[in-house]
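In what follows, a single structure is set out as structure tokens and then discussed.
The values are calculated or read from the model by the stated rules, or taken from the named source; none is laboratory data. Keep in mind that what you see is a predicted model, and the values were worked out from it rather than measured. Cβ placement follows ideal geometry from the backbone for every residue including glycine, while neighbour counts extend to all protein chains displayed. Areas reflect the complete protein model, heavy atoms only, side chains present, ligands, DNA and RNA absent. Shrake-Rupley method; radii C 1.70, N 1.55, O 1.52, S 1.80 Å.
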Amino acid sequence: QVQLVESGGGSVQPGGSLRLSCAVSGTRLSNNLISWYRQAPGKQREFVAKITSNGIPFYADSVKGRFTISGDNAKNTVYLQMNSLESEDTAVYYCNAAALRLNAWGQGTQVTVSL
């Protein structure tokens, strides 16, 4: 059974940084597209970043230049380094693993950016 467990969320002031982790079990990073999404209160879930099975990253325009997604195949974990955080980045962040017959989500981790 595939499981994704996010961690690393918290509260930070504008301009600060956080690193989120998505620990994957039951499947290998190299077999999946791993993505980060976020959902702010009252808004729809939106795409943040993804990394392909061969390690190529893609980003939403809103986070490009501030966020970096990376994968550690040895730890089977994907990271989202978030720098220069803004209040608009406040949301619950979710990890997703997708493949031909797979679409799995983690439980989410809260990120709050405020003074």
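Just the residues that are open to solvent by 60 Å² or more (accessible area, probe 1.4 Å) and either under 17 Å from residue 103 (Cβ atoms) or at pLDDT below 95 (or both), please, taken from the stretch 8-32.
Listed by number, the residues that qualify are 26, 28, 30, 31.
Can you say whether residue 52 is open to solvent by less than 60 Å² (accessible area, probe 1.4 Å) and more than 20 Å from residue 108 (Cα to Cα), as far as the supplied structure shows? Lay out the reasoning, then the answer.
Values: open to solvent by less than 60 Å² (accessible area, probe 1.4 Å): yes; more than 20 Å from residue 108 (Cα to Cα): yes.
The answer is yes for residue 52.
Being assigned to a strand (DSSP E or B), more than 13 Å from residue 105 (Cβ to Cβ) and of a type in the set (A, V, I, L, M, F, W, C) is the filter here, so list the residues in the stretch 1-32 that pass it.
The initial filter retains those residues of the stretch 1-32 that are assigned to a strand (DSSP E or B), namely 3-7, 10-12, 18-25.
Adding the requirement that they be more than 13 Å from residue 105 (Cβ to Cβ) leaves 7, 10-12, 18-21, 23, 25.
Matches in the stretch 1-32: 12, 18, 20, 23.
Kindly indicate which of 56, 51, 34 is touching a Pro at 6+ places or on another chain (Cβ under 8 Å) and hydrophobic (A, V, I, L, M, F, W, C). Don't jump to the end; show me each part of the working.
On the way: 56 fails: touching a Pro at 6+ places or on another chain (Cβ under 8 Å); 34 fails: touching a Pro at 6+ places or on another chain (Cβ under 8 Å).
Just a single option satisfies the conditions, and that option is 51.
On the basis of being within 14 Å of residue 4 (Cα to Cα) and touching a residue at least 60 places away in the same chain (Cβ under 8 Å), does residue 104 make the cut? If you could, list the steps in order and put the result at the bottom.
Numbers: within 14 Å of residue 4 (Cα to Cα): yes; touching a residue at least 60 places away in the same chain (Cβ under 8 Å): yes.
Here the answer is yes, as residue 104 does meet what is asked.
Given the conditions (1) farther than 14 Å from residue 22 by Cα; (2) open to solvent by 50 Å² or more (accessible area, probe 1.4 Å), and given that residue 40 satisfies all but one, which numbered condition is not satisfied?
Result: residue 40 fails condition (2) only.
I'd like the residue in the stretch 55-97 that is part of a loop (DSSP other than H, G, I, E, B) and small (Gly, Ala, Ser) and, out of all such residues, is least open to solvent (accessible area, probe 1.4 Å).
So the first thing to find is which residues in the stretch 55-97 are part of a loop (DSSP other than H, G, I, E, B), and the list is 55-56, 60-66, 73-76, 83-86, 90.
Filter once more, keeping what is small (Gly, Ala, Ser): 55, 60, 62, 65, 74, 84.
Values: 55: 42, 60: 16, 62: 64, 65: 81, 74: 100, 84: 63 Å².
The residue in question is 60.
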